[in-house]
Amino acid sequence: DMDVADINSMADLTEAYTFLKSSKEYSTVLIDSLSELGEMSLTEAKDRTKDGRQAYMMMADDIAGMIRGFNDLPVTVIMIAQEERVAAESIGQVDYLYAPSIPGKSFMAKIPYKLDFVFCLRTRINPEGNVERSFQTGPNGDYLAKARTQRLETFESANWKEIFKKLG
């Protein structure tokens, strides 16, 4: 059982943040999805300016501020993002082809540096023919992932309870 806030505008997101900042009843907040919030912010920015470049800068400022604000809350914050196939050099990397998706290639390149953890949900078919899901938590292959801790293996069970237990 979980509480849900419907976020249909950046004003809704600000209202949710303000509520969480003064609330003591939550220990974990999940944002689904950072990619959609980026698109929503960009749409709102395009309504405020005719200059497309300015709209992308406004979106980047909005989302960077949102990430900083939520990361400063005294709770665990999980932000989910869609993944995008990218030209590795366009996000400042030389060996990744998949990264979290958010509007603006230069801003997309900065997102991993603003977060303590960037996991990629990976799936594979095991030898018995069953689907197994795991979080990739560090560099391996074509997927951007990182963890600012040595407590996690490169691939961990896709189970938040187990992740939190390992992180202590």
Relative contact order [Cα under 8 Å, 6+ residues apart], the chain, whole percent: 16
Sequence neighbours fewer than 8 away in the same chain don't count; with that in mind, list the lysines whose C-alpha is under 30 Å from Lys21. Lys46, Lys110, Lys114, Lys146, Lys161, Lys165, Lys166
Excluding residues fewer than 8 places away in the same chain, name every one of the lysines whose C-alpha is closer than 22 Å to that of Lys50. Lys105
Find me the longest stretch of the chain that has none of the exposed GluC sites (Glu not before Pro), where exposed means in a DSSP loop (not H, G, I, E or B) with at most 16 other Cβ atoms within 10 Å. 26-127
Tell me what the chain gives for mean residue ellipticity at 222 nm when only DSSP H runs of n ≥ 4 count, each as -39,500 (n - 2.57), the sum divided by the residue total, rounded to 500 deg cm²/dmol. -12500 deg cm²/dmol
Principal axes of the chain: Cα extent on each, largest first, Å: 54, 42, 29
In segment 134-168, which residues have a backbone nitrogen under 19 Å from the label point lying 7 Å from Glu128's Cα in the Cα-to-Cβ direction? 134-135, 156-159
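Could you tell me the calculated FRET efficiency between Thr28 and Asp6, based on Cβ-Cβ distance and R0 = 25 angstrom, to the nearest 0.05?
So, using R0 = 25 Å, E works out to roughly 0.85.
Does segment 34-88 come out rounded, prolate or oblate by the C-alpha gyration tensor, with a ≥ b ≥ c the root eigenvalues, rounded set by a/c under 1.5 and, if not, prolate when a/b is larger than b/c and oblate if not?
Oblate is the answer for segment 34-88, as a/c is 1.5 or above yet b/c matches or exceeds a/b.
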Which Cα, out of Leu152, Phe117, Ile163, lies furthest along the positive dipole direction of segment 104-168 (beta carbon charges, K/R +1, D/E -1)? Phe117
What ranking of Asp12, Asp142, Asp72 comes out by heavy-atom accessible area, probe 1.4 Å, highest first? Asp72, Asp142, Asp12
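The values are calculated or read from the model by the stated rules, or taken from the named source; none is laboratory data. Predicted, not measured: the structure shown is a model, and the values here were computed from it. FYI the Cβ positions are ideal-geometry reconstructions off the backbone, even for glycines, and counts take in every protein chain you see. Just so you know, the surface numbers come from the protein's heavy atoms only, side chains and all, with ligands and any DNA or RNA stripped out. Shrake-Rupley method; radii C 1.70, N 1.55, O 1.52, S 1.80 Å.
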